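Enquirer: Below is the structure I would like to discuss, written out as structure tokens.
The values are calculated or read from the model by the stated rules, or taken from the named source; none is laboratory data. In this text the structure is predicted, and so the values were computed from the model without any measurement. Because the Cβ atoms are built from the backbone with ideal geometry, glycine has one as well, and the counts that use them run over all protein chains shown.
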Amino acid sequence: MYLNNVNFLNKVSIRTRFTLLYSIAAFSLLALITIFLYWESVNILYKTDYQFLSDQVDAIEYALENKQIHLADLKQQVIDEPMDTEGSIYKYYVRILDDKNKIVMETPGIHSINLFNPGPKTRRKQTYRWHSSTDANYLVIQSPISFIDNQGGWVQVALNISWQHTVMSDRKYFTIALIISAFASLLLGFYITKRGMKSLYFLTHCVKNITVTSLHQRIDPDTLPKELTELVSAFNQMLDRIESSFVRLKQFSSDLAHELRMPINNMMGETEIILSRNHCAAEYQQVMLSNLEEYQRVSHMIENILFLSRAENPQLDIEKTQLNVHEEIACICEYYEAMAEEKNISITHTGKAILHGNSVMFRRMINNLLSNAIKYTGINGWIKFAIQSDTTHVCIQLSDNGIGIAKEHLPRIFDRFYRVDSARSQQSGGIGLGLAIVKSIIDLHHGSITINSEPDTGTHIFIIFPRTKGTLS
Amino acid sequence: MRILIVEDESKTAAYLRKGLNESGFTVDIADNGEDGLHLALNHPYDLIILDVMLPKVDGWTILTAIRRAHPDVRVLFLTARDNLEDKVKGLELGADDYLIKPFAFSELLARIRTLLRRSNTPQSDILSIADLSIDIVKHKAVRGKARLHLSPKEFALLALLVQRTGEVLSRTLIAECIWDINFDSDTNVVDVAIRRLRQKVDDEFDNKLIHTVRGMGYVLEQR
């Protein structure tokens, strides 16, 4: 029986889940950083190229705007310097046009680039990329200039950026780096998870070692990480409960066997003896009668055990009605009236209450308690029922001034077949199931019972029931 | 009086037959549901004792068939199934009573007699045996010439014993009839009550009427 529904995700092991989640997180982070770095490199390259071109444009503008054309300077700027860059990665070309797009001066070889002419209307600085017919990439700045005679014109500077372009567009290394990091994070995730789960596997191993025969074993929470200590202590507590009910169950079955063995042994013995020789009818009758009494005892015991086992069935749905607590108690008091009078015990009950419960079970509970009280209260004693109720609970207090129960018996008083004094109980005909039945009836009504007792002074029993259906908080 | 027992457990059936024969009943036995149903439908019985779990045809089915054919015959269920639903089901299907195994034979006998009495004419208000007479309506009991001073419960107990003169009444049955204690309880209470009743009814008279049947219960009769 599983307490929760299981969906598909829950079937994937924690280890796989952690490994995957860790790898995804690590890989995403690495990929992001890589992409950012790539993007930043492209940016820096562009900025450097742009700055270089700008500087060239500025130098030419400076030469032109000096009001006197130093042709030598201009030649230096437009032809010589660019020519010097032949073979370098900063290979660039310059051309100067007048306002009719007639070439004034240009770096030799610029023809091959096939730069288009600036449009007549747009007199502003422009930057663009140019893919030439020779299959090379250029970064171009085109800027309006003015000559000495205030004639307008253009300067175009083109930088061959094919190399940068080739380097940046080749993303092979980035891809390889990403693939490697993906594998690395997967491996790392696997390793870290395995390490992290080590204590969990250890715990599993410990739990597996606990069997029916070693229920006393506990797991030491100090050997495990903090997250697991709570789980382990909860588990240990569960083991405590299982162990105690297991011990009870074992005790119960051995007690039951013992209780059954006694009457059956008696009957067997008596019957064997009477059959071994001829006896008179009266003797046979005597044995039969004695056997009948034992049968009744066994049958009585079976009835009580059956009641207890049924009461333990969680599916048991008992029929409940509104009960007048004082009427039910009065009914049982009346039943025991004659018996109490014999011992001159006074039985009184005070208070009234309404309770939602099962009438037969409630009477049975009161019956068992009262029967005990009368049994263990001396001549001229008293037994008092006090019923109290508030909006949420009904409290029934049963007090007597009987012989009481010694401290050491109190914790086990509700156990099946537990008897404070077996010799006395044998005499009084009890089979040690009365209080166990009381307890199970109270449990079925979600109530609670406490017994306070002082030997030779008396016993006080407090029973608390919730008034409406539900559990007692 | 003719009784049919449908019971597959042969030992139970045998002792029931013996016990009922000795109590003056004619008894037929069927050890499976099919035979039981056949007998029940084709012979006039005053009472049928049915087990629920039976080979071939179960008790519920037999009961339904019997009720259709003979609405007046008394049916008593005798079974080891003791949950409330089964009991309710049995009674709803038309069973007249329901007894759970293990049971005391005296209890079964008392119930059978009650069931068979139900169909007879009601008893009169004044009942008498030997020199004891009781008036059920006026709650008066007289022994010889003396009026007996009884508490209401004592009177009820005496009335029960007188009404069932000659029948052995078990302690459980007495507790159930007089105090409405229909669960397993301390039956010493009944012994005490009977002892007190005897003090008032029998002690002063030589002709004792209330007798103890050891291991079974009490009976009121003239011996």
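Enquirer: Can you find, within the stretch A:274-295, the residue that is surrounded by the most Cβ atoms within 10 Å (Cβ to Cβ) among those that are of a type in the set (D, E, K, R) and within 12 Å of another protein chain (Cβ to nearest Cβ)?
Expert: Of everything passing the filter in the stretch A:274-295, A:Glu294 is surrounded by the most Cβ atoms within 10 Å (Cβ to Cβ).
Enquirer: Spot the failing condition for A:Met339; the list is (1) among the aliphatic types (A, V, I, L, M); (2) touching a helix residue (DSSP H, G or I) at 6+ places or on another chain (Cβ under 8 Å); (3) surrounded by fewer than 19 Cβ atoms within 10 Å (Cβ to Cβ); (4) within 14 Å of chain B (Cβ to nearest Cβ), and only one is missed.
Expert: Here A:Met339 meets the rest and fails (3).
Enquirer: Having 1 or more residues that are in contact (Cβ under 8 Å) with a residue 60 or more places away in the chain and assigned by TED's automatic domain parsing to the domain that holds A:Tyr38 is the bar; report the strands (runs of 3 or more DSSP E) wholly within the stretch A:92-183 that clear it.
Expert: Strands (runs of 3 or more DSSP E) meeting the threshold: A:92-98, A:126-131, A:137-146, A:152-160.
Enquirer: Let me confirm something: among B:Val190, B:Val168, B:Val201, which residue is more than 11 Å from chain A (Cβ to nearest Cβ), in contact with a helix residue (DSSP H, G or I) (Cβ under 8 Å, 6 or more places away or on another chain) and under 18 Å from B:Arg111 (Cβ atoms)?
Expert: B:Val168
Enquirer: Please verify whether the stretch A:203-220 includes one or more residues that are out of contact with any Asp or Glu (no Cβ under 9 Å at 6 or more places or on another chain) and within 30 Å of A:Ser28 (Cβ to Cβ).
Expert: no
Enquirer: Oh, and also: Given the criteria surrounded by 14 or more Cβ atoms within 10 Å (Cβ to Cβ), within 30 Å of A:Leu20 (Cβ to Cβ) and not basic (Lys, Arg), does A:Leu215 qualify? Let's see the steps before the verdict.
Expert: Details: surrounded by 14 or more Cβ atoms within 10 Å (Cβ to Cβ): yes; within 30 Å of A:Leu20 (Cβ to Cβ): no; not basic (Lys, Arg): yes.
No: the conditions fail for A:Leu215.
Enquirer: Determine whether A:Ser299 is surrounded by fewer than 17 Cβ atoms within 10 Å (Cβ to Cβ), among the small types (Gly, Ala, Ser) and at the interface with chain B (Cβ under 10 Å from one of its Cβ atoms).
Expert: On the way: surrounded by fewer than 17 Cβ atoms within 10 Å (Cβ to Cβ): yes; among the small types (Gly, Ala, Ser): yes; at the interface with chain B (Cβ under 10 Å from one of its Cβ atoms): yes.
Yes; evaluated as a whole, the condition is true for this residue.
Enquirer: If you don't mind, another one. Looking at A:Leu370, A:Leu444, A:Leu433, which is the one that is crowded, with 22+ Cβ neighbours inside 10 Å, modelled with pLDDT under 90 and within 14 Å of chain B (Cβ to nearest Cβ)?
Expert: Checking each option against the conditions leaves just A:Leu433.
Enquirer: Still on this model: Can you find even one residue in the stretch B:117-134 that is within 14 Å of another protein chain (Cβ to nearest Cβ) and not aliphatic (A, V, I, L, M)? It would help to see each step written out before you state the result.
Expert: Residues of the stretch B:117-134 within 14 Å of another protein chain (Cβ to nearest Cβ): none.
Within the stretch B:117-134 (the criterion being within 14 Å of another protein chain (Cβ to nearest Cβ) and not aliphatic (A, V, I, L, M)), the answer is no, since none of the residues qualifies.
Enquirer: Would you tally the residues in the stretch A:16-57 being in contact with a strand residue (DSSP E or B) (Cβ under 6 Å, 6 or more places away or on another chain) and among the hydrophobic types (A, V, I, L, M, F, W, C)?
Expert: Of the residues in the stretch A:16-57, 2 are in contact with a strand residue (DSSP E or B) (Cβ under 6 Å, 6 or more places away or on another chain) and among the hydrophobic types (A, V, I, L, M, F, W, C).
Enquirer: Still on this model: Are there strands (runs of 3 or more DSSP E) fully within the stretch A:309-418 with at least 3 residues that are farther than 30 Å from A:Ser245 by Cβ? List them. Talk me through it step by step, then tell me what you get.
Expert: Values: elements: A:321-324, A:346-350, A:354-357, A:382-389, A:393-400.
Strands (runs of 3 or more DSSP E) meeting the threshold: A:321-324, A:346-350, A:382-389.
Enquirer: Please verify whether B:Phe155 is surrounded by fewer than 23 Cβ atoms within 10 Å (Cβ to Cβ), of a type in the set (Phe, Trp, Tyr) and over 21 Å from the mean Cα position of the chain (by Cα), treating the condition exactly as stated.
Expert: On the way: surrounded by fewer than 23 Cβ atoms within 10 Å (Cβ to Cβ): yes; of a type in the set (Phe, Trp, Tyr): yes; over 21 Å from the mean Cα position of the chain (by Cα): no.
Against the criterion (surrounded by fewer than 23 Cβ atoms within 10 Å (Cβ to Cβ), of a type in the set (Phe, Trp, Tyr) and over 21 Å from the mean Cα position of the chain (by Cα)), B:Phe155 does not qualify.
Enquirer: Go through the stretch A:302-312 and report how many residues are surrounded by 15 or more Cβ atoms within 10 Å (Cβ to Cβ), over 39 Å from the mean Cα position of the chain (by Cα) and over 15 Å from B:Asp186 (Cβ atoms).
Expert: Count: 1.
Enquirer: From (1) on the phi > 0 side of the Ramachandran plot; (2) more than 14 Å from chain B (Cβ to nearest Cβ), pick out the condition that doesn't hold for A:Asn344.
Expert: Every listed condition holds for A:Asn344 apart from (2).
Enquirer: So, in the stretch A:323-347, of the ones that are closer than 17 Å to B:Arg171 by Cβ and in contact (Cβ under 8 Å) with a residue 24 or more places away in the chain, which residue ends up farthest from the chain's Cα centre (by Cα)?
Expert: Once the filter is applied, the top-ranked residue is A:Met339.
Enquirer: Within the stretch A:318-336, take every residue that is among the aliphatic types (A, V, I, L, M) and surrounded by fewer than 17 Cβ atoms within 10 Å (Cβ to Cβ) and give me the one that is farthest from the other protein chains (Cβ to nearest Cβ).
Expert: A:Ala330
Enquirer: Do we have A:Gln315 as more than 9 Å from chain B (Cβ to nearest Cβ) and under 39 Å from the mean Cα position of the chain (by Cα) here? Explain how you work it out, then say what you get.
Expert: Values: more than 9 Å from chain B (Cβ to nearest Cβ): yes; under 39 Å from the mean Cα position of the chain (by Cα): yes.
The answer is yes for A:Gln315.
Enquirer: In the stretch A:403-417, is there at least one residue being more than 11 Å from chain B (Cβ to nearest Cβ), free of Cβ contacts under 8 Å to residues at least 40 places away in the same chain and of a type in the set (Asp, Glu)?
Expert: Yes: the stretch A:403-417 contains one or more residues that are more than 11 Å from chain B (Cβ to nearest Cβ), free of Cβ contacts under 8 Å to residues at least 40 places away in the same chain and of a type in the set (Asp, Glu).
Enquirer: Within the stretch B:178-187, can you find the residues that are more than 7 Å from chain A (Cβ to nearest Cβ) and either at pLDDT below 80 or under 17 Å from B:Val213 (Cα atoms) (or both)?
Expert: Hit for the stretch B:178-187 is B:Thr187, nothing else.
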